[in-house]
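One structure below.
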Amino acid sequence: MDLYDAIKGRRDIRSYFKPDPIPDEVLAKILLAAHLAPSVGYSQPWNFIIIRDENIKRKVKEEVERQRLRYRELLDEGRRKLFDTIKIEGIMEAPINIAVTCDPSRFGPHVLGRITMPETCNYSTVLAIENLWLAARAENLGMGWVSFLDKNKIKEILGIPSNVEFIAYLTLGYVTKFPERPELEEKGWNYRLPLSEVVFEDRWGNKPNEKLLEKLNSAKI
């Protein structure tokens, strides 16, 4: 798959997982794509926990449900009704779940390039997740990022050491389809901002020059 096609067709999948197993060679391939991500000071701070155990999945799902109800109570009535139509995870449906962590102690305390911005350790791990996501899409695998979680509860469930950061809980599997548009856009929860609204030039708030602005407004992949 062309890179731009993978980017354009990538979706946060929650509703369309099939039970079909993922071959180990495909799983290894997309994990390698994640492992080839850039990282600050070549620190490679990530680890990937492959989760197939149904009991572990169920414990995570119970935590997600607690957090879903907590969030629901923050919404007004109209937004709550819309939220109730949105599926927020596919933990039990996806054949594989993956927890992604960041180890800030890897290669010692003085990682090159991290002294002024220690958060680049976490950013590096997120870059690996994006590589994983695009590689999964190229292999016709759907992936979802589950964020209705108390990270300390997930660390407890998965036995993650206290000095290691929990970054993401992902669901992975073959799907019946990839939606044309992101699900939250289809449901009317939110919309994609025009590219021209998120690009500045030279300083915060400065609109790009007219020539670039025209290209931003007409850009396609």
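Gaussian network model of the chain, Cα springs within a sub-10 Å range: biggest mean-square fluctuation belongs to which of Lys87, Lys151, Lys207?
Most flexible of the set in this elastic network: Lys207.
Using alpha carbons only, what's the Rg to Rh ratio of the range 1-92 with Rh from Kirkwood?
Details: Rg = 17.6 Å, Rh = 16.9 Å.
Taking Rh as the inverse mean 1/r over Cα pairs, Rg/Rh reads 1.04.
When N counts the residues of the range 91-172, how does its alpha-carbon radius of gyration compare numerically with 2.2 N^0.38 Å, as a ratio? Write out the running numbers ahead of the final one.
Working: Rg = 14.2 Å, N = 82, 2.2 N^0.38 = 11.7 Å.
Dividing the Cα Rg of the range 91-172 by 2.2 N^0.38 Å gives 1.21.
Using only Cα atoms, locate the centre of the range 51-76 and the centre of the range 5-42, then give the distance between them in Å, rounded to an integer.
Between the Cα centres of the range 51-76 and the range 5-42 lies a distance of 23 Å.
Among Met117, Met92, Met143, whose mean-square fluctuation peaks in a Gaussian network model of the chain (Cα, cutoff 10 Å)?
Met117
Among Gln67, Leu193, Leu149, whose Cα lies farthest out toward the positive end of the dipole of the chain, if unit charges sit on the beta carbon of Lys, Arg (+1) and Asp, Glu (-1)?
So the residue furthest toward the plus end is Gln67.
Under 13 Å from a label point 7 Å along Cα→Cβ of Leu82: give me every residue in the range 175-202 with its amide N that close.
184-192
Hey, what's the range 1-73 come to in accessible area per residue, 1.4 Å probe, Å²?
Numbers: 4510 Å² over 73 residues.
Value for the range 1-73: 62 Å² per residue.
For the range 108-170, which GluC sites (Glu not before Pro) are both in a DSSP coil and crowded by at most 13 other Cβ atoms within 10 Å? Numbers along the way, then the final one.
On the way: sites: Glu119, Glu130, Glu139, Glu156, Glu165; in loops: Glu119, Glu139.
Those that pass, being in a loop and sparsely packed, are Glu119.
Placing +1 at every Lys and Arg Cβ and -1 at every Asp and Glu Cβ, with all other atoms neutral, what dipole size does the range 74-221 have around its Cα centre, in debye to the nearest 20? The partial results should precede the final answer.
Values: 19 positive and 21 negative charges, 24 e Å.
Here the size comes out at about 120 debye.
Would any residue of the range 189-212 have its amide N under 16 Å from a label point 7 Å out along Cα→Cβ of Ser218? List them or say none.
Correct set: 195-196, 209-212.
So which helices of the chain fit the span-like rule, where a helix is a whole DSSP H run, its Cα atoms reach 24 Å or more along the axis, and its mean Kyte-Doolittle is at least -1.0? Don't jump to the answer; show the numbers that get you there.
Working: long enough: 54-72 (26 Å, -2.09); 120-138 (27 Å, 0.55).
Qualifying helices: 120-138.
Which of these, Ser196, Ser124, Ser15, has the largest mean-square fluctuation under a Gaussian network model of the chain (Cα springs below 10 Å)?
Ser196
Rounded to the nearest 0.05, what FRET efficiency is calculated for Asn206 and Ala6 with R0 set to 30 Å and r the Cβ-Cβ distance? Walk me through the numbers before you get to the answer.
Values: r = 32 Å, r/R0 = 1.07.
Working from the Cβ atoms, E equals 0.40.
Compute the longest continuous run of the chain that contains no exposed chymotrypsin sites (Phe, Trp or Tyr not before Pro); treat a site as exposed when its DSSP state is not H, G, I, E or B and it has at most 11 other Cβ atoms within 10 Å.
Working: sites that count: Tyr191, Phe200, Trp204.
In short, 1-190.
In nm, what is the difference between 0.36 nm times the number of residues separating Thr116 and Asp53 and their Cα-Cα distance? Walk me through the numbers before you get to the answer.
Numbers: separation 63, 0.36 × 63 = 22.68 nm, distance 4.00 nm.
That pair, Thr116 and Asp53, stretches by 18.7 nm at full extension.
For Pro45, what charge total do you get from the other residues with a beta carbon under 13 Å from its beta carbon, if Lys and Arg give +1 and Asp and Glu give -1?
Values: positive: Arg106, Arg114; negative: Asp103, Glu119, Glu165.
Net charge in that neighbourhood comes out at -1.
What does the charge count near Leu36 come to, summing +1 for each Lys or Arg and -1 for each Asp or Glu among other residues with Cβ under 13 Å from its Cβ? List each step's numbers first, then the result.
Details: positive: Lys29; negative: Glu130.
In short, 0.
Using alpha carbons only, how many angstrom separate the centre of the range 157-221 from the centre of the range 118-136?
The range 157-221 and the range 118-136 have Cα centres separated by 14 Å.
How much length is gained if the chain between Leu36 and Glu180 is pulled fully straight, taking 0.36 nm per residue apart and subtracting their Cα-Cα distance, in nm to one decimal? Can you show the working numbers first?
On the way: separation 144, 0.36 × 144 = 51.84 nm, distance 2.87 nm.
Computed gain between Leu36 and Glu180 is 49.0 nm.
The values are calculated or read from the model by the stated rules, or taken from the named source; none is laboratory data. Since we're looking at a predicted model, the values are computed, not measured. With ideal geometry, Cβ positions are generated from the backbone for all residues, glycine too; neighbour counts draw on all protein chains shown. For the accessible areas, the whole protein counts, side chains as well, though only heavy atoms, and no ligand, DNA or RNA atoms are used. Shrake-Rupley method; radii C 1.70, N 1.55, O 1.52, S 1.80 Å.
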